[in-house]
Amino acid sequence: MASIILVHGIAQEQEAADTLESVWLPALAGGVRNAGHAALADRLWPPAPNGPRLIRMAFYGKTFGVPDQMGPSDGIPLAQQDTAEELAYAWLVNAADSSSRRDAGNARLELRALEQDMEQAQGVGAVKGRVIAAIDRLPWLSQAGLSGAGRVNKTLGQVVRYLTEPDVRAYAIDQVRQSLDDDTRVVIGHSLGSVVAYEAVRERTSPLPLLITLGSPLGLSAVNRRLLRPPSFPSCLDRWINLADRDDFVAARPDLTAVFDTNRPPGARFDSTYTVDNGSSPHKANFYLSKVTTGQAIAEAMADR
């Protein structure tokens, strides 16, 4: 087992744990080095040829690559459309607050058109099917580190499948569960992986020093209302850090305390107002991992290792 467990996000079905580790580990070690902990960074990357592996990727992406399980060609079965549109609408609202004038302007125009149609028809039926199309017209997806994800329907489809299909959720959580043991010090989840990581950590009974969620959609009601258990601070956890880029509209709500800061154990820390700047790729996992805040927290959790 490993001291640090990584949990990837959407659109990784063509990858494997090893290929993702080869991308994530240098960035993670770089964040630790940026925070001033060179000796630990050298232990994290590159891994010693014959030594124990300190970091492992919990890989669940292949569950989205099974033929004939994506439903219709748009990737979102009819029964899941309502969940997809609720999530897409939340992303569109987040995009309207982007620091990018182009993205914010386009999102506001789309929202205005949708709201006018809803008012005229006195309900959401008039815009059913159009919210996802509105998101798909934003240039943000190709700039946010999601260019490999294809169209927005594929991005939404994997999140929605996790939230609505018990077998998909159980498989993803089990990949994290299998990686955890009493030696685990840190769990890091990115994007949809932050939801998977959170739900796996909620099941844990032995102490865990640190959970880091990056670019997380946990702050969206469309997501946290569909968790296996009502949102609260994991009882096993000593510290939870949530990082979000302001322009990462998958996340865009860095303060999770209003929803998740219940039943927090005495002395446990919840740092959920952090924002970072990932430049032109606001959702990219590597850019979150290389930040000083990420590296410093990892170094503190690994201090006795």
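In the chain, Cα pairs under 8 Å separated by at least six residues give a relative contact order of 25 percent. Legend: residues Leu78, Leu180, sorted from most to least accessible area (1.4 Å probe; ligands, DNA and RNA excluded), read Leu78, Leu180. Note on exposure: Lys154, Lys62 ranked by accessible area (1.4 Å probe, complete protein assembly) read Lys62, Lys154, with the most exposed listed first. Expressed as a fraction of 2.2 N^0.38 Å, the value expected for a compact globular protein of N residues, the C-alpha radius of gyration of region 185-251 is 1.05.
Between amide H atoms placed 1.01 Å from N, distances below 5 Å from Val276 occur with Ala244, Asp245, Arg246, all of them 5 or more places distant or on a separate chain.
Computed over the chain with a Gaussian network model linking Cα atoms closer than 10 Å, the most mobile of Ala222, Ala96, Ala170 is Ala170.
If DNA, RNA and ligands are ignored and the probe is 1.4 Å, what is the ranking of Glu85, Glu115 by accessible area, most exposed first?
Descending accessible area places them as Glu115, Glu85.
State in Å² the accessible area per residue of the chain; use a 1.4 Å probe, count heavy atoms of protein chains only, and round to the nearest integer.
On the way: 13050 Å² over 305 residues.
On a per-residue basis, the chain sits at 43 Å².
Taking the inverse of the mean reciprocal distance over all distinct Cα pairs, the Kirkwood hydrodynamic radius of the chain comes to 19.7 Å.
Note on the chain: helix-only mean residue ellipticity at 222 nm, from DSSP H runs of 4+ residues weighted -39500 (n - 2.57) and normalised by residue number, equals -13000 deg cm²/dmol.
Find how many whole Å separate the alpha carbon centroid of region 276-305 from the alpha carbon centroid of region 1-57. Value for the Cα centre distance between the two parts: 12 Å.
3J(HN,Hα) couplings calculated from phi for region 184-200 with the Karplus curve 6.51 cos²θ - 1.76 cosθ + 1.60 (θ = phi - 60°) are, in sequence order, 5, 10, 9, 10, 10, x, 10, 6, 4, x, 5, 5, 4, 4, 4, 5, 5 Hz; Gly and Pro show x.
In region 1-53, carbon and sulfur make up what percent of the accessible area (probe 1.4 Å)?
On the way: 1310 of 2470 Å².
About 53 percent, which is the carbon plus sulfur part of the accessible surface.
The aspartates and glutamates within cross-link reach of Lys284, meaning a Cα-to-Cα straight distance under 13 Å and a gap of 8 or more places when in the same chain, are Asp245, Asp247, Asp248. Amide H to amide H, with H built 1.01 Å from N, Phe270 comes under 5 Å of Trp240, counting only residues 5 or more places away or on other chains.
For region 202-305, the Kirkwood radius over C-alpha pairs fed into Stokes-Einstein at 37 °C and 0.692 mPa s yields D = 230 µm² per second.
The values are calculated or read from the model by the stated rules, or taken from the named source; none is laboratory data. A quick note: this is a predicted structure, and the numbers were derived from the prediction, not measured. Heavy atoms of the whole protein, side chains included, go into the accessibility calculation; ligands, DNA and RNA do not. Shrake-Rupley method; radii C 1.70, N 1.55, O 1.52, S 1.80 Å.
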